[in-house]
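Taking it in order: structure first as structure tokens, then the write-up.
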Amino acid sequence: MEKIVVLGGCGTVGSLMARILAKEYAVTVSDIRKQTPLRGIFQAEGIKLDLGGHNPKIIKEADKIAVAPSLLENERILQLIKGKKIITVQDIIASCKVKKPVVGVTGTNGKTTTTQILKNILRVAGYRVPEHHLNIQGNTEFIPALQARLEGDIAVVEIGTFGKPGEIKGAATDSKVKIAIITNISRDHLPPEDFPKYIECKKEIIDVAQHIILNADDPIVASFAKNLPGDRITFYGIESLKSHFEVFPENRECPYCNKTLKYKRRFLGHLGDYYCTCGYRRPELEVKATQVEKDKFKLNIAEETIKLKTGGLFNVYNSLAAAAASLTLGIDPDDIIRGINSFKGAAGRHEIIKEEPRIILDYAHNPAGVRAIMQLVKEETPGRIIVVNTIASESGIEGDREIARILSNADIIIPASYNARKASEHTRAKIIHIRSSREKIKQGTLGASRRQVEEAIQKALEYAEEDDTILIIGEGGYKYAKDILKGS
Ligand SMILES: [Zn+2]
């Protein structure tokens, strides 16, 4: 068997390159890192390790050297492997065929949870589903294409975007996406002039997939079915509610005539049963939820009531999307129900990390995400809601102000980021400031430092009574809160 050494094999892309190559070759991962959380995975897949530097002897004995993209410009690395045949990530994508069906999930919110529910259904039905085992948010560039090439029967990949044209199409094409899910599209984290471009980006996946699963309750997502034959589309949505949900209404213009849409019923934000005077209306639902309560609903493909471990209307939508894709794949309805019922929830999504007072962690980082988690927490909290807001919106201060307005439904807000502090006058809830939020911290999408998150949580705990819920939102909270609370 040919020997291949993967340089930078402990990184996100490098680790996936190594695992794909290991299906056919004798692979050694070589990395300057001394440790990797993937050690167990590598061992189980027969991959050898050369950590803490690159052993020249191992490199010399290798037939070929695979190099993670981040190291391709590194002079020392290129010197080290001089004369060797190099394998790049593009080489792997070009030469390794995808032989399994691939489901691609895209949309503004709900991608991760929808992906995980669908994987759970497939596992319950007895299929092997590839996992990348990486702790990353937003799967962009090479990750979906590489994940689709890992060992398994059916792949489910999350396809995110930075809003650049061609990005989703490229990732979906490289991943050989056969079935596409579009969960929802929210404008609110973008300046209005950028919204049409963002819609076009999300729509790109339609050019690649054979079958498309669309959220009928989202007027823009549903309009993507225009000019497509009906048998290429499955629409899902909510038919009826049994209990009351706070709606947080948000207006949407008709994608055909630009007039403000009317709603027969609204479920969450801009999602609902809408219609327009021009004749556009919500399409007929094929996979639908009825009698929806906080954590229960009926699915029209089965008799049994579904009971969610993590409730909320947004999780009903995530479950419907996963169910629709499963049906397209020919999965038995009984397995679909069992797969949804046994899903335990995704990390950092309505994750309860402490009780009395209850502390909930949620990765919500845009207005639509905040609306969704507030709707659920409002429904289930006997006491007050105290929000620790670590968000710095991707769309700048307008997004932060919109989030502040949505948080008017909370009782107390503790801004933990500089941006949340700046926008806080736009809320009607009581504000309590911490000292450290005066400092401006923004690294990429991360808006709050560990110190800010820690001070805000301490402040929240001072105010919280037994029945209250502390809701920590944003990437800063997602990154630091569990670790901060470990000791307390
Ligand atoms: Zn219209």
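Given a cut-off of 21 Å, name the pairs among Lys119/Lys378; Lys344/Lys459; Lys354/Lys378 whose C-alpha atoms lie farther apart than that in the structure shown. Beyond 21 Å between Cα atoms: Lys119/Lys378; Lys344/Lys459.
Among Lys242/Lys479; Lys264/Lys309; Lys111/Lys294, which pairs are too far apart, with a Cα-Cα distance over 25 Å? Where the Cα-Cα span goes over 25 Å, the pairs concerned are Lys242/Lys479; Lys264/Lys309.
For the range 91-97, the Karplus equation 6.51 cos²θ - 1.76 cosθ + 1.60, evaluated at θ = phi - 60°, returns couplings of 4, 5, 5, 6, 9, 8, 6 Hz by residue, with Gly and Pro reported as x. 3J(HN,Hα) along the range 253-261: 8, 4, x, 9, 10, 6, 6, 5, 5 Hz, from the Karplus curve 6.51 cos²θ - 1.76 cosθ + 1.60 with θ = phi - 60°, whole Hz, x for Gly and Pro. For the chain, the solvent-accessible area works out to 43 Å² per residue, with a probe of 1.4 Å and every protein chain left in place. Per-residue 3J(HN,Hα) values for the range 198-205, derived from phi via the Karplus relation 6.51 cos²θ - 1.76 cosθ + 1.60 with θ = phi - 60°, read 4, 4, 4, 4, 5, 6, 3, 5 Hz in sequence order (x marks Gly and Pro). With the helix formula -39500 (n - 2.57) applied to DSSP H stretches of n ≥ 4, the chain reaches a computed 222 nm mean residue ellipticity of -9500 deg cm²/dmol.
Legend: Rg and Dmax of the chain, from Cα coordinates, 23.5, 74 Å.
Selection among Gly9, Gly83, Ala68 by position relative to the dipole of the range 7-165 gives Gly83 as farthest towards the positive end (Cβ unit charges, Cα centre).
Here's how it looks for Gly107: its modeled amide H is under 5 Å from those of Thr183, which are all 5 or more places away or on a different chain. Exceedance of the 30 Å cut-off in Cα-Cα distance is limited, within the set Lys34/Lys178; Lys34/Lys60; Lys202/Lys442; Lys176/Lys288, to Lys34/Lys178. Cβ-Cβ distance of His244 and Ile352, R₀ of 25 Å, FRET efficiency by 1/(1 + (r/R0)^6): the value works out to about 0.65. Dipole magnitude for the range 3-95: computed about the Cα centre from +1 point charges on Lys and Arg Cβ and -1 point charges on Asp and Glu Cβ, it is near 240 debye. The simple spin-label model puts a point 7 Å past each Cα toward its Cβ; for Glu131 and Glu462 those points are separated by 4.1 nm.
What you get for the range 72-177, charging only the Cβ of Lys and Arg (+1) and of Asp and Glu (-1), is a dipole of about 300 debye around the Cα centre. All Cα-Cα separations within the range 3-95 were binned at 5 Å from zero, giving a P(r) of 3, 15, 30, 28, 18, 5, 1, each value a whole percent of the pairs. Summary value for the range 351-486: 35 percent relative contact order, contacts being C-alpha pairs under 8 angstrom separated by 6+ residues. A straight chain from Ser70 to Lys226 at 0.36 nm per residue would run longer than the Cα-Cα distance by 52.1 nm.
The mean sequence separation of alpha-carbon pairs under 8 Å and at least six residues apart, normalised by the residue count of the range 3-95, gives a relative contact order of 32 percent.
Look at the dipole of the chain built from charges on Cβ: of Gly444, Thr36, Tyr25, the Cα furthest out on the positive end belongs to Tyr25. Relative to the longest principal axis of the Cα atoms of the chain, the long axis of helix 367-380 lies at roughly 60 degrees. For the range 344-488, the mean projected area of the C-alpha convex hull, equal to one quarter of the hull surface, is 7.5 nm². No partner Cβ under 4.7 angstrom, meaning no disulfide-compatible partner by this rule: which Cys of the chain qualify? Lone cysteines by the Cβ rule: Cys10, Cys96, Cys201. Taking the 1.4 Å solvent-accessible surface of the chain as the whole, the part contributed by carbon and sulfur is 47%. For the chain, the Cβ-based charge dipole about the Cα centre amounts to some 800 debye (Lys, Arg positive; Asp, Glu negative; other atoms uncharged). Using C-alpha pairs under 8 Å with a sequence gap of at least 6, the mean separation divided by the residue count of the chain gives a relative contact order of 11 percent. Subtracting the Cα-Cα distance of Tyr256 and Lys84 from their residue separation scaled by 0.36 nm leaves 56.2 nm. Farthest towards the positive end of the charge dipole of the chain, among the residues Val98, His433, Thr310, is the Cα of Val98, using unit charges on the Cβ of Lys, Arg, Asp and Glu. Spin-label model, Asn300 to Lys34: label points 7 Å out along the Cα-to-beta-carbon direction sit 6.0 nm apart.
The values are calculated or read from the model by the stated rules, or taken from the named source; none is laboratory data. A quick note: this is a predicted structure, and the numbers were derived from the prediction, not measured. No Cβ is skipped: glycine too gets one built from the backbone with ideal geometry, and neighbour counts run over all protein chains shown. Surface accessibility is based on the protein's heavy atoms, side chains included, excluding ligands, DNA and RNA. Shrake-Rupley method; radii C 1.70, N 1.55, O 1.52, S 1.80 Å.
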